[in-house]
Amino acid sequence: MTTPHRPSRRRILGTSLALGASAALGLPATARAARRTAGAPGASAASEVVPVDWAAIGPYPVQDAAGQRVRTILAGSSRHLIGPWYADTYRTYLPDGYIDLKGTDERAIRLPAMAAVATVTALITGAYDPRTLSAANATIRTRNLIRTLAARHLANNASTATRWGKGWQTALWAYYTALAGWLFWNELDAKAREDIAAMTAWEADRLTTGDDLYLVGRGGHQLYEKRRDGSAVTPGDSKAEEDNWSAAVLSLAEVMMPGHPRAAAWGRRNIELLLAAAACPADLTGDRTVNGIELSRWLRGTNIADDGTLDNHHILHPLYMVAFDQSLYEGFVYGLADRRAPRAALHNITRVYSALVDKPFPAPDGSTRTIYQPGSGAIHYPEGNDWGTHFPFYFGNFDLLVSLTAQDTGIDPSAATWERLHNEEQLRLMARFTDGRTYGPSGENTYYGREHRIGAMAGQAFLTLFMARNTVRNRLRFA
């Protein structure tokens with residue numbers, strides 16, 4: 001049986017924990033206290049954070065086949081990342097006691113942040129496999145990743161040589177770091193907690209600035225690929241993925257710090273970006289309202305077609321269609337606080353999923369094919385795939401999320417059927433190796449963070465399962 005950390009002052013899985021008794025989730029007494037102290041003279045950013053109340057979250061027995069598959073993927077991936085990958089990558093500490101991240105770019109920041117999400121999730125849920133490295137040592141390494149990443153964010157670091165932030169993708173890096181830190185809150189010292197809270201608030205704040213077409217702020221980005229009239233602002237480059245990863249840090253900031261003076265603004269902007277991410281031409285007419293926003297009046301453009309497809313890298317790109325996993329992860333983020341995620345996170349997901357399963361596309365032999373291949377874990381890429389050849393878990397992860405959120409209504413076969421096909425293929429890839437990794441030749445997946453991406457997806461997918469299938473009640477709720 002898989003159980004989250006229980007209140008204890010002894011060691012669990014080699015990790016020293018001091019959770020203590022805590023109030024019910026949602027907006028408990030601790031959140032009310034945070035409201036009182038937020039913004040008060042001398043109040044620390046970390047004091048505004050409401051930790052996850054693990055005592056109120058029931059265990060997840062992992063008796064279902066989908067859960068067993070995802071747990072196996074998570075266990076293998078985290079074992080590889082915190083074991084051999086960490087050991088090969090981090091060999092020195094700097095004079096200030098932090099890891100030498102060897103840069104401030106995506107490779108230097110996003111990769112260790114994704115590794116931290118995978119390993120923290122495995123440790124706290126009991127999915128961690130200690131064959132390569134003990135849980136105690138995995139805890140030490142993971143703590144080092146989290147505290148170093150947060151300390152190097154520009155909200156906490158004055159050195160232009162080592163700081164990161166204010167970039168088009170840094171909201172995502174901050175989300176991964178903050179998620180890992182929030183989950184591991186009781187394993188972090190006061191300095192790391194302060195750094196995490198300050199980093200998260202800073203990145204969330206910059207995304208609340210700008211007009212309704214652009215996030216101009218500090219290093220913001222454009223919200224839409226196409227204007228309302230259908231003309232392209234960035235031809236062949238949907239902004240769906242960027243919008244939903246920016247929404248991710250906003251949602252996490254609001255949930256972590258519900259009493260913060262700007263929490264309401266973060267929550268509102270989160271909803272706006274979720275809706276912008278999945279906006280299609282059909283949303284520009286009618287009177288549909290989602291989370292208080294009338295779509296036809298508020299939206300200023302679109303990112304997907306009415307048939308549920310989108311393009312990126314100037315091709316119709318299935319890998320970016322399943323990037324709406326980031327929107328669906330908000331279910332577990334809010335669930336960890338026993339709150340309902342905004343229904344905006346589900347906007348047009350059924351439309352996108354139907355395009356994966358049911359929509360026929362011309363094939364080179366003159367026939368037609370769907371992206372999902374009947375009875376197979378194979379994927380058809382109608383206009384090619386410039387990232388490589390093997391991505392079963394990208395799709396299996398999305399299948400699982402769609403199934404758990406019931407966004408496959410009227411679609412046949414169901415998302416649960418596709419999850420099995422795609423994740424069994426993922427497990428076959430992993431079975432080729434003994435250290436938990438997924439990939440071999442570089443052409444299988446050309447992204448330099450390919451193993452880390454698997455780990456981050458597996459961690460968030462397993463947390464979603466934990467919220468949906470724990471023994472207390474279903475916490476995966478939207479409103």
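Summed over region 206-241, the residues that are part of a helix (DSSP H, G or I) and modelled with pLDDT under 95 give a count of 1.
Considering each of 246, 327 in turn, give the residue that is modelled with pLDDT of 95 or more, closer than 18 Å to residue 395 by Cβ and buried (at least 23 other Cβ atoms within 10 Å of the Cβ). Write out each step before concluding.
Working: 246 fails: closer than 18 Å to residue 395 by Cβ.
Among 246, 327, only 327 is modelled with pLDDT of 95 or more, closer than 18 Å to residue 395 by Cβ and buried (at least 23 other Cβ atoms within 10 Å of the Cβ).
Scanning region 357-408 for residues that are in a strand (DSSP E or B) and of a type in the set (Val, Ile, Thr) returns 368, 370, 379.
Scanning region 64-88 for residues that are out of contact with any Phe, Trp or Tyr (no Cβ under 9 Å at 6 or more places or on another chain) and open to solvent by 30 Å² or more (accessible area, probe 1.4 Å) gives 64, 65, 68, 69, 72, 84, 85, 87, 88.
Free of Cβ contacts under 8 Å to residues at least 12 places away in the same chain and closer than 26 Å to residue 244 by Cα: does that describe residue 103? So residue 103 passes the test. The set of residues in region 112-157 that are part of a helix (DSSP H, G or I), more than 9 Å from residue 180 (Cβ to Cβ) and either among the hydroxyl-bearing types (Ser, Thr, Tyr) or open to solvent by 10 Å² or more (accessible area, probe 1.4 Å) (or both) comprises 125, 135, 136, 137, 139, 140, 141, 143, 144, 147, 148, 152. Report whether or not residue 138 is of a type in the set (A, V, I, L, M, F, W, C), modelled with pLDDT of 95 or more and touching a Leu at 6+ places or on another chain (Cβ under 9 Å). So residue 138 fits the description; yes.
Number of residues in region 352-401 that are of a type in the set (A, V, I, L, M), touching a strand residue (DSSP E or B) at 6+ places or on another chain (Cβ under 9 Å) and within 21 Å of residue 426 (Cβ to Cβ): the value is 5.
Within region 458-473, residues that are within 15 Å of residue 78 (Cβ to Cβ) reach partners that are assigned to a helix (DSSP H, G or I) and aromatic (Phe, Trp, Tyr) with beta carbons closer than 7 Å, at six or more positions or on different chains, in the pairs 460/332; 463/332. The residue list 405, 389 contains one member that is modelled with pLDDT of 95 or more, open to solvent by 30 Å² or more (accessible area, probe 1.4 Å) and of a type in the set (Val, Ile, Thr), which is 389. Scanning region 414-441 for residues that are without any contact (Cβ under 8 Å) to a residue 12 or more places away in the chain, more than 20 Å from residue 373 (Cα to Cα) and in a helix (DSSP H, G or I) yields a total of 0.
Does residue 350 fit the bill of being among the hydroxyl-bearing types (Ser, Thr, Tyr), more than 30 Å from residue 180 (Cβ to Cβ) and not in a helix (DSSP H, G or I)?
Working: among the hydroxyl-bearing types (Ser, Thr, Tyr): yes; more than 30 Å from residue 180 (Cβ to Cβ): yes; not in a helix (DSSP H, G or I): no.
When the stated conditions are applied, residue 350 does not pass them.
Return yes or no: is residue 373 within 23 Å of the chain's Cα centre (by Cα), open to solvent by 20 Å² or more (accessible area, probe 1.4 Å) and not basic (Lys, Arg)? Here the answer is no, as residue 373 does not meet what is asked.
Residues that are without any contact (Cβ under 8 Å) to a residue 12 or more places away in the chain and aliphatic (A, V, I, L, M) within region 231-247 comprise just one, 232. Consider region 158-181 and keep the residues that are part of a loop (DSSP other than H, G, I, E, B) and open to solvent by less than 40 Å² (accessible area, probe 1.4 Å). The one that is nearest to residue 201 (Cα to Cα) is 165. Note on region 182-204: residues that are assigned to a helix (DSSP H, G or I) and touching a residue at least 60 places away in the same chain (Cβ under 8 Å) total 13.
Residues in region 273-301 that are open to solvent by 20 Å² or more (accessible area, probe 1.4 Å) and either within 13 Å of residue 240 (Cα to Cα) or touching a Pro at 6+ places or on another chain (Cβ under 9 Å) (or both): 291 alone.
The values are calculated or read from the model by the stated rules, or taken from the named source; none is laboratory data. On a predicted model such as this, the values are computed, not experimentally measured, just so you know. Note that each Cβ is placed from the backbone with ideal geometry, even for glycine, and that neighbours are counted across all protein chains shown. Side chains are part of the model used for accessible areas, which takes the heavy atoms of the whole protein and leaves out ligands, DNA and RNA. Shrake-Rupley method; radii C 1.70, N 1.55, O 1.52, S 1.80 Å.
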